[in-house]
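The values are calculated or read from the model by the stated rules, or taken from the named source; none is laboratory data. These figures come from a predicted structure and were not determined experimentally. For neighbour counting, all protein chains shown are included, and Cβ atoms are generated from backbone atoms with ideal geometry for every residue, glycine included.
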Ligand SMILES: *[C@@H]1O[C@H](CO)[C@@H](O)[C@H](O)[C@H]1NC(C)=O
Ligand SMILES: *[C@@H]1O[C@H](CO)[C@@H](O)[C@H](O)[C@H]1NC(C)=O
């Protein structure tokens, strides 16, 4: 059924737009967006907030200029930027999906994960909200789909009078890359630093709360530990609010790089996704920290979390291990950020620790046989989530306290919209600290 809908969208699109399969954002009708849910609360104690999403949790804009080796039916150039991640027009199996995979797949050149020559990828609506409140759009009508941080944004606007793009902002980033790329001159961290300074300046010099979900927590933590000085942090940052930060990675990342994933989109070609994931610095960054636990079981042999090199070799993707090493050289995911930290995460849910598959490079059309041995938030094991607590051992608790809140039964994805978490976040960001 989804395919049918997408096909209809696609056909109408192909007939009506000069770019063929793709349309530019400026062709989309502007979505009227009701962001305050009712009350006219205007809490004077509110401090500015910037949100960073997780892996694939940010809308990306693409622009093509003579992209090479494009699959049949895909255009090589676009007149303008269009929403590449994700837009329903790019989901038609065998027709537009191969274009999406070709466009979004990064390359690893000269020790750096980057976009292919001929395509520019930038985060959508940097500093606004559209890149993180919803991740997708419909191709034809430009309606937001794939709601992500929208509940959190609406809640803060409704309860305390936050204004989108002013004191409540999205710092969307290119989640296909990793910390090494973010730290380059004019990389994502350069923009992030400017955004924080600008937000502070525009909001009566009030220090900014940085909220990170999942990979977003690591994105912020590594920024704070490698990119800026203590003096800078003391001046601009009020706290890191870490929602399910996966500081020691997760076996799930390795399993998905082996077996593909559909990102919850039923019509996705998992083979295409798998190919792309194996090139992503962000996915490599989330690989489990080495330990002796078995994370992948095959009839021939098992792989522990310390055997990623053999794992990717047997998967016929040795480059993925190089990408992993390349990102890991950069920063240390357990280093204390030396700002006040609120660690929030779910516990009490059975969490995948290993998969049992016929071979390392498993076919994607079979169900993953999951082995569950640990507690966590379904996706990330407790040992990785609770690495956040350990920041307390390595930073001055009087100056930079670490506060831990565990939420029973709250899942990795659910944490960004759970009522208990929204309330807790509201209390922190309006506490006038
Ligand atoms: C890689 O490095 C070589 C040699 O320094 C250089 O000529 C080439 O342009 C680089 N390629 C990219 C994509 O940066
Ligand atoms: C792989 O792990 C499974 C489950 O822990 C175990 O039963 C099996 O004997 C192991 N296989 C090998 C070859 O070590």
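Given the condition closer than 21 Å to residue 207 by Cα and touching a residue at least 12 places away in the same chain (Cβ under 8 Å), answer yes or no: does some residue in the stretch 131-151 qualify? No, the stretch 131-151 contains no residue that is closer than 21 Å to residue 207 by Cα and touching a residue at least 12 places away in the same chain (Cβ under 8 Å). Only helices (runs of 4 or more DSSP H) whose full extent lies in the stretch 227-308 are considered here, and the ones with at least 3 residues that are at pLDDT 95 or above, away from ligand 2 (no atom under 16 Å from the Cβ) and within 21 Å of residue 51 (Cβ to Cβ) are 230-236. Whether a residue is surrounded by fewer than 16 Cβ atoms within 10 Å (Cβ to Cβ), assigned to a loop (DSSP other than H, G, I, E, B) and away from ligand 2 (no atom under 16 Å from the Cβ) was assessed, and residue 316 passes this test. Would you confirm, using the coordinates I've provided, whether residue 245 is within 16 Å of ligand 1 (Cβ to nearest atom) and surrounded by 24 or more Cβ atoms within 10 Å (Cβ to Cβ)? Answer is no for this residue. Restricting attention to the stretch 262-294, which residues are buried (at least 20 other Cβ atoms within 10 Å of the Cβ) and without any contact (Cβ under 8 Å) to a residue 60 or more places away in the chain? Answer for the stretch 262-294, where residues must be buried (at least 20 other Cβ atoms within 10 Å of the Cβ) and without any contact (Cβ under 8 Å) to a residue 60 or more places away in the chain: 277, 278, 287.
The test for being buried (at least 21 other Cβ atoms within 10 Å of the Cβ) and touching a helix residue (DSSP H, G or I) at 6+ places or on another chain (Cβ under 9 Å) holds for residue 327.
The set of residues in the stretch 365-388 being crowded, with 18+ Cβ neighbours inside 10 Å and out of contact with any strand residue (DSSP E or B) (no Cβ under 8 Å at 6 or more places or on another chain) consists of 387 alone. Within the stretch 408-419, no residue that is under 16 Å from residue 57 (Cα atoms) sits with its Cβ atom under 6 Å from a residue that is surrounded by fewer than 17 Cβ atoms within 10 Å (Cβ to Cβ) and at pLDDT 95 or above at 6+ positions apart or across chains.
Quickly run through the stretch 110-126 and pick out the residues that are surrounded by 17 or more Cβ atoms within 10 Å (Cβ to Cβ), within 16 Å of ligand 1 (Cβ to nearest atom) and in a loop (DSSP other than H, G, I, E, B). Listed by number, the residues that qualify are 115, 116. Could you tell me whether residue 104 is more than 16 Å from ligand 2 (Cβ to nearest atom), surrounded by 19 or more Cβ atoms within 10 Å (Cβ to Cβ), within 21 Å of the chain's Cα centre (by Cα) and modelled with pLDDT under 95? Judged against the criteria, residue 104 is not a match.
Residue 348 meets all of the listed conditions (1) touching a residue at least 40 places away in the same chain (Cβ under 8 Å); (2) more than 13 Å from ligand 2 (Cβ to nearest atom); (3) in contact with a helix residue (DSSP H, G or I) (Cβ under 6 Å, 6 or more places away or on another chain) but one, namely (3). Checking each residue in the stretch 385-413 for being within 17 Å of the chain's Cα centre (by Cα) and closer than 12 Å to residue 347 by Cα picks out 385, 411, 412.
Every residue, every condition in (1) over 18 Å from residue 135 (Cβ atoms); (2) not in a loop (DSSP other than H, G, I, E, B), yes or no:
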site	(1), (2)
42	yes, no
45	yes, no
51	no, yes
54	no, no
57	no, no
62	no, yes
78	yes, no
84	no, yes
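Do we have any residue at all in the stretch 79-96 that's within 16 Å of ligand 1 (Cβ to nearest atom), under 25 Å from residue 266 (Cβ atoms) and surrounded by fewer than 21 Cβ atoms within 10 Å (Cβ to Cβ)? Within the stretch 79-96, none of the residues are within 16 Å of ligand 1 (Cβ to nearest atom), under 25 Å from residue 266 (Cβ atoms) and surrounded by fewer than 21 Cβ atoms within 10 Å (Cβ to Cβ).
Answer yes or no: is there a residue in the stretch 342-356 that is out of contact with any strand residue (DSSP E or B) (no Cβ under 9 Å at 6 or more places or on another chain) and either modelled with pLDDT under 95 or closer than 26 Å to residue 150 by Cα (or both).
Taking the stretch 342-356 first, the residues out of contact with any strand residue (DSSP E or B) (no Cβ under 9 Å at 6 or more places or on another chain) are none.
Checked against the condition, which is being out of contact with any strand residue (DSSP E or B) (no Cβ under 9 Å at 6 or more places or on another chain) and either modelled with pLDDT under 95 or closer than 26 Å to residue 150 by Cα (or both), the stretch 342-356 yields no hits at all.
State yes or no: is residue 333 away from ligand 1 (no atom under 16 Å from the Cβ), outside any helix (DSSP H, G or I), out of contact with any strand residue (DSSP E or B) (no Cβ under 8 Å at 6 or more places or on another chain) and under 29 Å from residue 227 (Cβ atoms)? It is true that residue 333 is away from ligand 1 (no atom under 16 Å from the Cβ), outside any helix (DSSP H, G or I), out of contact with any strand residue (DSSP E or B) (no Cβ under 8 Å at 6 or more places or on another chain) and under 29 Å from residue 227 (Cβ atoms). Among residues of the stretch 90-118 that are within 13 Å of residue 60 (Cα to Cα), those with a beta-carbon under 6 Å from a residue that is part of a strand (DSSP E or B) and more than 16 Å from ligand 2 (Cβ to nearest atom) at least six positions away or on a different chain give the pairs 103/62; 103/84; 103/119; 115/121.
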